[in-house]
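This is the structure I have questions about; it appears just below.
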Amino acid sequence: MKIHGIKTCDTCRKARRFLTDNEIDHDWHDMREDGLKVATVQRWLKKVGVETLVNRRSTTWRNLNEVERVEAMAEISSAAVLTNNPTLIKRPVIDLDGDILVGFSSATQEKLLAGKS
């Protein structure tokens, strides 16, 4: 399992603490510090879609102009925009053996616990 996020994100901290407390092995990838590959973001978009992956409540989203927002939501350009602006991605993104989970809801927590056993 690989968890992608930003170390200063409260939700990512909560997710990592949950994984550690429940002794669930995981690899951490900081999207801001370590960067992202366009191919990785394209794979996420293919699995979950742009509506799920883009965080429209983020400060970064609010600071984009209308043209940049259209590009972020356009299927053809969204991977490049998200790769260059990782704070636009809802976090964390968890790659659970090819199954992509976005965010850290109770349903996500249940799925992670189920995968542990």
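Here, each number is a calculation from the coordinates, and none is a lab measurement. From a predicted model like this one, the values you see are computed outputs, not experimental measurements. FYI the Cβ positions are ideal-geometry reconstructions off the backbone, even for glycines, and counts take in every protein chain you see.
Could you put 78, 105 in order, starting from the residue whose Cβ has the fewest other Cβ atoms within 10 Å?
105, 78
In whole percent, what relative contact order does the chain give with Cα contacts below 8 Å and a gap of six or more residues?
Relative contact order for the chain comes out at 34 percent.
Running a GNM on the chain with Cα contacts under 10 Å, which residue among 67, 93, 54 ends up with the highest mean-square fluctuation?
Result: 67 has the largest fluctuation of those listed.
In the range 27-89, which GluC sites (Glu not before Pro) fall in coil by DSSP and have 13 or fewer other Cβ atoms within 10 Å?
Passing sites in the range 27-89 are 33, 75.
To the nearest 10 degrees, how steeply does helix 106-116 sit against the main Cα axis of the chain, on a 0 to 90 scale?
That works out to roughly 50 degrees.
With an 8 Å Cα cut-off and a minimum separation of 6 or more residues, compute the relative contact order for the range 1-49 in percent. Kindly include the intermediate steps, with their values, before the conclusion.
Values: 30 pairs, mean separation 22.0, N = 49.
Answer for the range 1-49 is 45 percent.
Excluding residues fewer than 8 places away in the same chain, name every one of the lysines whose C-alpha is closer than 16 Å to that of residue 7.
Counting by Cα, and skipping residues close in sequence, residue 7 has these lysines nearby: 90.
A further question follows. Please go through the range 11-117 and write out the trypsin sites (Lys or Arg not before Pro) that DSSP classes as loop and that have at most 15 other C-beta atoms within 10 Å.
32, 37, 56, 57
Counting Lys and Arg as +1 and Asp and Glu as -1, what is the net charge of the other residues whose Cβ lies under 14 Å from the Cβ of residue 57?
+3
If you don't mind, there's one more thing I want to ask. I need the phi-derived Karplus couplings for the range 45-50: 6.51 cos²θ - 1.76 cosθ + 1.60, θ = phi - 60°, integer Hz, Gly and Pro marked x.
4, 5, 6, 10, x, 5
Please order 24, 3 by the number of other Cβ within 10 Å, starting at the fewest.
Least to most surrounded, the residues fall as 24, 3.
Summing Lys, Arg as +1 and Asp, Glu as -1, what charge do residues with Cβ under 14 Å from the Cβ of residue 45 carry, residue 45 excluded?
Neighbour charge sum, excluding residue 45 itself: +1.
Among the DSSP beta bridges whose two residues both lie in the chain, what percent are antiparallel, rounded to the nearest 5?
Within the chain, antiparallel bridges account for around 65 percent of the total.
Amide H of residue 31 versus every other amide H placed in the peptide plane: which residues, excluding those fewer than 5 positions away on the same chain, fall under 5 Å?
Amide H neighbours of residue 31, under 5 Å, 5+ apart: 5, 6.
What list of ³J(HN,Hα) values in whole Hz, one per residue of the range 70-77 in order, does the Karplus curve 6.51 cos²θ - 1.76 cosθ + 1.60 (θ = phi - 60°) give from phi, with Gly and Pro shown as x?
Ordered by residue, 3J(HN,Hα) equals 5, 4, 5, 9, 7, 4, 6, 10 Hz.
Next question, about the same structure. Once phi is turned into θ = phi - 60°, what whole-Hz ³J(HN,Hα) does the Karplus curve with 6.51, -1.76 and 1.60 give for every residue of the range 89-94, x standing for Gly and Pro?
Ordered by residue, 3J(HN,Hα) equals 8, 4, 10, x, 10, 10 Hz.
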